[in-house]
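Heads up, the thing below is written out as structure tokens.
The values are calculated or read from the model by the stated rules, or taken from the named source; none is laboratory data. No experiment lies behind these values; they were computed from the predicted model shown. Cβ placement follows ideal geometry from the backbone for every residue including glycine, while neighbour counts extend to all protein chains displayed.
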Amino acid sequence: MEFEGVDWVNFMKAEDLRELIKKGQKSFKDINLGGCFINDDLRNLIFENCLIDADFSGANLSRTIFKNCNLKSCIFCYSNLDLSKFEGNFLDDTEFNFAQFRYITFINNSAYGSIFSKEILEMLRYPDFPGFHIMSVNVGWFEIILAGRDKMLEIPASIYLGNDAPWELLKALNSLYIQNSQKEVVEAIVCWDGEPNATIWKIKCEFDKIFLSIYTSDCESYEIDRTSLDTYTTGVPDFEVIGMRDDFINEIIKSFENIVKRMGKEDYMKEWSEFPDYQLAELKARILNRI
């Protein structure tokens, strides 16, 4: 495949594609496309004989077709690929972690000169760590996807009580990392206020593994006793996942970096609260230096 006809000179940016989609264009052929499409709605589009280097994390690409495209280094993590079609594409270094692809058509694709089958796609879908993706930050709501093998949980948080849920999660992970360097097993519990009920995170670090258990409170968020969060973690959790600690923390860091790419820190603060630069920097340093 030589991609004859591709416009190698005129590079199409993400905002250019969005503008064309707004005007009603659905089919794109011979384009050289790149940029950030994190959480975008890109349903029912056709890309044929295109050179694409883009981040589609969390994007809705259901019923979208990629035919005879070079998708090298594209990121489809957490994206909705239901009923999509991938035919005859180059997929070197393409990422599909935690992508959803019910009824996908996946034929004649390759990576590094070898066949990239649907069976390989299924194997690569779930890495050895839990997934974390920020879906939206909008008018006082912060929504994420927490993912494990064959399961996903959407968790919304509200700031109506003034509690910055993601900041508290990052703070808890920083604290756990410090304690874990001194003890083999450490735990923390974090509360995310919802409307009406709260989501309670029980996080345990054991050596280099992390164990997450998620519970929904019986009472409303404003009734939660934050000094006794362990009392809300009895019984069977709504969601459980286990994986490598550092890989999961890196996934969280990447998700915050991605949401900044998508909306910027100023809009993040308008829609939610101050961006947690300090906590993220601390986590990055701990991962890098293992401290």
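Observations
- Residue that is surrounded by the fewest Cβ atoms within 10 Å (Cβ to Cβ), among those in region 82-124 that are under 18 Å from the mean Cα position of the chain (by Cα) and in contact (Cβ under 8 Å) with a residue 40 or more places away in the chain: Gln100
- So Asp230, is it under 19 Å from the mean Cα position of the chain (by Cα) and either assigned by TED's automatic domain parsing to the domain that holds Pro166 or not in a helix (DSSP H, G or I) (or both): no
- Search result, residues across region 130-151 that are closer than 28 Å to Glu274 by Cβ and either in a loop (DSSP other than H, G, I, E, B) or not aliphatic (A, V, I, L, M) (or both): Pro130, Gly131, Phe132, His133, Ser136, Asn138, Val139, Gly140, Trp141, Phe142, Glu143
- From the list Arg245, Arg290, Arg286, the lone residue that is in contact with a strand residue (DSSP E or B) (Cβ under 6 Å, 6 or more places away or on another chain) and either more than 20 Å from Ser57 (Cβ to Cβ) or not assigned by TED's automatic domain parsing to the domain that holds Asn163 (or both) is Arg245.
Quick grid of which residues meet (1) part of a helix (DSSP H, G or I); (2) under 24 Å from Ser79 (Cα atoms); (3) among the acidic types (Asp, Glu):
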{"site": "Leu153", "(1), (2), (3)": "no, yes, no"}
{"site": "Pro156", "(1), (2), (3)": "no, yes, no"}
{"site": "Tyr177", "(1), (2), (3)": "yes, no, no"}
{"site": "Asp218", "(1), (2), (3)": "no, no, yes"}
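- If the condition is being in contact (Cβ under 8 Å) with a residue 60 or more places away in the chain and part of a loop (DSSP other than H, G, I, E, B), then region 7-38 contributes only Ile38.
- Just one of (1) modelled with pLDDT under 95; (2) surrounded by 14 or more Cβ atoms within 10 Å (Cβ to Cβ) fails for Leu212. It is (1).
- From the options Ile107, Ile134, Ile120, residue that is in contact with a helix residue (DSSP H, G or I) (Cβ under 6 Å, 6 or more places away or on another chain) and of a type in the set (A, V, I, L, M): Ile134
- The residue of region 215-234 that is surrounded by the most Cβ atoms within 10 Å (Cβ to Cβ), among those that are free of Cβ contacts under 8 Å to residues at least 24 places away in the same chain and of a type outside the set (S, T, N, Q), is Tyr215.
- In region 262-291, the residues that are small (Gly, Ala, Ser) form Cβ pairs under 6 Å with partners that are modelled with pLDDT of 95 or more, at six or more places apart or across chains, as follows: Ser273/Asp164.
- Residue within region 51-63 that is surrounded by fewer than 23 Cβ atoms within 10 Å (Cβ to Cβ), charged (D, E, K, R), more than 26 Å from Ile120 (Cβ to Cβ) and outside the structural domain of Asp247 (by TED's automatic domain parsing) present: no
- Ser181 falls short on exactly one of the conditions (1) in contact (Cβ under 8 Å) with a residue 60 or more places away in the chain; (2) among the polar types (S, T, N, Q); (3) surrounded by 15 or more Cβ atoms within 10 Å (Cβ to Cβ), and that condition is (3).
- Hits in region 39-81 (condition: free of Cβ contacts under 8 Å to residues at least 24 places away in the same chain and in contact with an Asp or Glu (Cβ under 6 Å, 6 or more places away or on another chain)): Ala59, Asn60, Ser62, Lys67, Lys72, Ser73, Ile75
- Which listed residue is within 23 Å of Phe132 (Cα to Cα) and crowded, with 16+ Cβ neighbours inside 10 Å, from Phe239, Phe207: Phe239
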